[in-house]
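Participant: There's a structure below that I have some questions on.
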Amino acid sequence: MKPDVSLDFTFATTVEKVWNALTDSNVLAQWIWSNDFKAEVGHKFQFRAEPSEWWDGIVDCEVLTIDEPNSISYTWASAGETTTVVWTITKEANNTVRLRLDQSGFSEATKAREGAIEGAKYGWTSMADKLKTILA
């Protein structure tokens, strides 16, 4: 199944620092949202953002897989949409690290799906900009 959202980000840092940014609750809170994440398969957690008039600000998640320090995946359920997020870390030849995000499982309702996918791309790109600052 082809992911609905695929984004690649490159950082001038180490694999270990990127892995830490994906698995340390305090660091996650700096570039995504506050959370009660633990890097344990089966752990249910939430990301909590500022609520708005059209969203309660809560994302319910569950850790699905961990392959330290190469990849991690979890569910991402919010606003009636449940998807799977997969992060993959690859060390590149030029002393950089590529972080790939694949998110799949958006519902098939065409108009809502397109909006959700575009919103996800915008949100993840914005969060990755924060991550770049943290890793610098």
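Participant: Compute the helix-to-body angle for 110-135: its Cα long axis versus the longest principal axis of the chain, expressed 0 to 90° and rounded to tens.
Facilitator: 30 degrees
Participant: Also, quick follow-up: Skip the ligands, DNA and RNA, and give the accessible area per residue of the chain with a 1.4 Å probe, whole Å².
Facilitator: 56 Å²
Participant: Would any residue of region 1-39 have its amide N under 19 Å from a label point 7 Å out along Cα→Cβ of GLU108? List them or say none.
Facilitator: Answer for this model: 1-5.
Participant: Okay, moving on. Given an 8 Å cut-off on Cα distances and at least 6 residues of separation, report the relative contact order of the chain as a percent.
Facilitator: Relative contact order here is 29 percent.
Participant: Another one. Within region 88-104, find all residues whose amide N lies under 14 Å from a label point positioned 7 Å from the Cα of LYS17 along Cα-to-beta-carbon.
Facilitator: 92, 95-99
Participant: What number, rounded to the nearest 500 deg cm²/dmol, is the helix-based mean residue ellipticity at 222 nm of the chain, given -39500 (n - 2.57) per DSSP H run of at least four residues and division by all its residues? Don't jump to the answer; show the numbers that get you there.
Facilitator: Details: 3 runs with 42 residues, N = 136.
Here the helix-only value at 222 nm equals -10000 deg cm²/dmol.
Participant: What percent do you get for the relative contact order of region 68-136 when only Cα pairs under 8 Å and 6+ apart count?
Facilitator: So the answer I get is 20 percent.
Participant: Could I ask something else about it? Roughly speaking, to the nearest percent, how much of the chain's 1.4 Å accessible area is carbon and sulfur?
Facilitator: 50 percent
Participant: Which entry in (i) 11, 33, 25, 13, 9, 6, 3, 0, 0; (ii) 12, 44, 35, 8, 0; (iii) 11, 41, 29, 12, 5, 2, 0 matches P(r) over Cα pairs in 10 Å bins from 0, in percent derived from the coordinates of this structure?
Facilitator: Computing P(r) over Cα pairs in 10 Å bins from 0, in percent and matching it to (i) 11, 33, 25, 13, 9, 6, 3, 0, 0; (ii) 12, 44, 35, 8, 0; (iii) 11, 41, 29, 12, 5, 2, 0 gives (ii).
Participant: At 7 Å along the Cα-to-beta-carbon direction for both LYS121 and ARG100, put a label point, then send me their distance in nm to one decimal.
Facilitator: With each label point 7 Å from Cα toward Cβ, the separation is 1.8 nm.
The values are calculated or read from the model by the stated rules, or taken from the named source; none is laboratory data. This is a predicted model, so every value here is computed, not measured. Note: ideal-geometry Cβ built from the backbone for every residue, glycine included; neighbour counts use all protein chains shown. These accessible areas exclude ligands, DNA and RNA; they are computed on the full protein's heavy atoms, side chains included. Shrake-Rupley method; radii C 1.70, N 1.55, O 1.52, S 1.80 Å.
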